[in-house]
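Q: Here it is, the structure, as structure tokens.
The values are calculated or read from the model by the stated rules, or taken from the named source; none is laboratory data. Keep in mind that what you see is a predicted model, and the values were worked out from it rather than measured. Virtual Cβ from ideal backbone geometry, glycine too; neighbours counted across all protein chains shown. Quick note on the areas: whole protein, heavy atoms, side chains included, nothing else; ligands and nucleic acids left out. Shrake-Rupley method; radii C 1.70, N 1.55, O 1.52, S 1.80 Å.
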Amino acid sequence: MNTSFFVNNRNNFAQQMEDNSTAVFFSGKAPRQSADQEYEFSVDRNFFYLTGINKENMILLINKIAGKVTEELFIPPVNEMFEKWFGILLRKEEAVEISGIKTIQNSNEFNVLFAKRLCSADRPDNVYILSHIIDISESYDEYRKLASIIRKQFPTVKLLNYLDIVTSLRGSKSEEEIKEIKTAISYTKDALEFVMKNLKPGKFEYQVKADFEYQLMLRGSSPSFKTIGASGKNAVILHYIDLLNKIEDGNLILLDLGALSNNYASDITRTYPANGKFTQRQKDIYNIVLEAQDVAFDKMHVGAFEAEVNDAVKAHFARGLKTLKLIKDDSDVEKYYYHGIGHPLGLDVHDLRRRDKIMQANNVYTVEPGLYIKEEGIGIRIEDDIWVTKDGNINLSKDIIKTINDIENFMK
């Protein structure tokens, strides 16, 4: 992605800051370490959104003092012994080139330098940090540690939460971000087609997962979340990740999965017949779910409430379930459809969500209706990634086949 993208993101953030404030962003750390290795690191998505840097133990400061905005990036110093064991560290020149931030400092000195700043004559009145939930329940991460220090040592400095700012900024996707999401979707499409060609009764669910993830690896990608591959009765479990069962002849397999491109995620669900042919009962249920997507698409627009879209889908399912003779009363829909219609998508699979849950221009949403009929051992979900624009909705994953005829013909 272009450096100008990250520069522009920081400028937009600074515009929404109160004057005489500093905002702190941590890139994060590996979650824990075993005796001989560190666990996989995943960068804080807000830090990445503002810098383009995918490295741990870094800190970004955006300062707005007397109307003047400055930026500082704190990175670990070069350690030759570390590099012999674990890999090359980011140099200052590289950090400047990627992020466009000119002032680069030693992250080991952050605590002392930041404390001095809070004691100085031109100290900020406010410090922005990130908090998702109430303080009493939040994990003791770097933000909460910093908040604790500020409260104890600098009680006149006010703590502000920048969650609403980054939610607003990240929600409206640029063309550059859409390109990354579409790339992630293309990886998913290619890998799913490989899965379909190699799917057959007798395979284990974990082998299907391996087929999918191997294809991602060949493309330099990785899963955007833990792959769900639920066959038969397991498909009524929304987040089934054990993947231990053998796939039986006549089973459907529900695959909820995604890929990453430059930290941007896809999130796709498709449901396939293991033997390449749907039974009539499976077809009847499948088509009701497929029609529910169209119902949702028609209700989605800038200014729509998520709940309104979900209510329309529930009403459709009520009619369909009555046709299938599974319910008599509309209130019984939740026995077979027990989740929402979708969620925002972007740098996180479940991207930051507005508190009012109103769709804004250039949001990307998943649309994932499903029916889960436990007594018949059938679970069907179909999910696409939709870009909501002022000119209408664009299905970014429309090229991943999903009609019964297309699936059966492809799997011949």
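Q: Only sites in a loop by DSSP and with at most 10 other Cβ atoms within 10 Å count here; which chymotrypsin sites (Phe, Trp or Tyr not before Pro) in region 124-208 make the cut?
A: Hits after loop and neighbour filter: 140.
Q: So for the chain, considering every pair of alpha-carbon atoms, how many percent are separated by more than 27 Å?
A: Of the Cα pairs, 57 percent sit more than 27 Å apart.
Q: Right, something else. With the contact rule set at Cα under 8 Å and sequence spacing of 6 or more, what percent relative contact order holds for the chain?
A: Reported relative contact order: 13 percent.
Q: For region 72-227, what value does the Rg/Rh ratio take when both radii are computed over Cα atoms and Rh is the Kirkwood radius, given to two decimals?
A: We get a ratio of 1.10 for region 72-227.
Q: Leaving out ligands, DNA and RNA but keeping every protein chain, what accessible area does residue 255 have, in Å² rounded to the nearest 10, with a 1.4 Å probe?
A: Solvent-accessible area, nearest 10 Å²: 0 Å².
Q: Do any of 335/412; 68/390; 68/92; 197/246 go past 27 Å between their Cα atoms, and which?
A: Violating the 27 Å limit, Cα to Cα: 335/412; 68/390.
Q: Could you list log10 I(q)/I(0) for region 159-301 at q = 0.17 Å⁻¹, which the Debye formula gives when each Cα is one point scatterer?
A: Calculated log10 I(q)/I(0) at the listed q: -1.01.
Q: Same structure, new question: Counting Lys and Arg as +1 and Asp and Glu as -1, each charge on the Cβ, what is the dipole of the chain about the Cα centre in debye, to the nearest 20?
A: So the dipole magnitude of the chain works out to roughly 260 debye.
Q: Follow-up question, since we're still on this one. For residue 60, what charge total do you get from the other residues with a beta carbon under 11 Å from its beta carbon, if Lys and Arg give +1 and Asp and Glu give -1?
A: Charge balance near residue 60 sits at -2.
Q: Same structure again: Calculate the dipole size of region 69-130 relative to its Cα centre from +1 charges on Lys and Arg beta carbons and -1 charges on Asp and Glu beta carbons; express the result in debye to the nearest 20.
A: The dipole magnitude comes to about 160 debye.
Q: Given 401, 255, 321, which one lies farthest toward the positive end of the charge dipole of the chain, if we put +1 on the Cβ of every Lys and Arg and -1 on the Cβ of every Asp and Glu?
A: With unit charges placed on the Cβ atoms, the residue in question is 321.
Q: In degrees between 0 and 90, to the nearest 10, how far off the longest principal axis of the chain does helix 3-16 point, with axes built from Cα atoms?
A: Taking Cα atoms only, the helix is inclined about 80 degrees.
Q: Might you tell me the accessible area per residue for region 350-389, computed with a 1.4 Å probe and given in Å²?
A: Accessible area per residue, region 350-389: 34 Å².
Q: Which of 363, 352, 388 sits farthest toward the positive end of the charge dipole of the chain, with +1 on the Cβ of Lys and Arg and -1 on the Cβ of Asp and Glu?
A: Of the listed residues, the answer is 352.
Q: Ignoring ligands, DNA and RNA, what percent of the 1.4 Å accessible area of the chain is carbon and sulfur?
A: Exposed carbon and sulfur together represent 49 percent of the surface.
Q: Now, a different point. Mind checking which of 111, 234, 395 has the largest fluctuation in a GNM of the chain, springs on alpha carbons under 10 Å?
A: 111
Q: Can you list the lysines whose alpha carbon sits under 19 Å from that of residue 158, skipping same-chain ones fewer than 8 residues off?
A: Here the lysines satisfying the reach criterion relative to residue 158 are 64, 116, 145.
Q: Based only on Cα atoms, what mean projected area does the convex hull of region 307-411 have, in nm²?
A: 8.6 nm²
Q: Can you give me the accessible area per residue for region 122-250, using a 1.4 Å probe, in Å²?
A: For region 122-250, the solvent-accessible area averages 52 Å² per residue.
Q: Please state the charge dipole magnitude for region 250-351, taken about the Cα centre, from unit charges on C-beta atoms (+1 on K and R, -1 on D and E), reported in debye and rounded to the nearest 20.
A: 680 debye
Q: Mind checking which of 146, 162, 181 is farthest towards the positive end of region 73-185's charge dipole, using Cβ charges of +1 (Lys, Arg) and -1 (Asp, Glu) about the Cα centre?
A: Result: 146.
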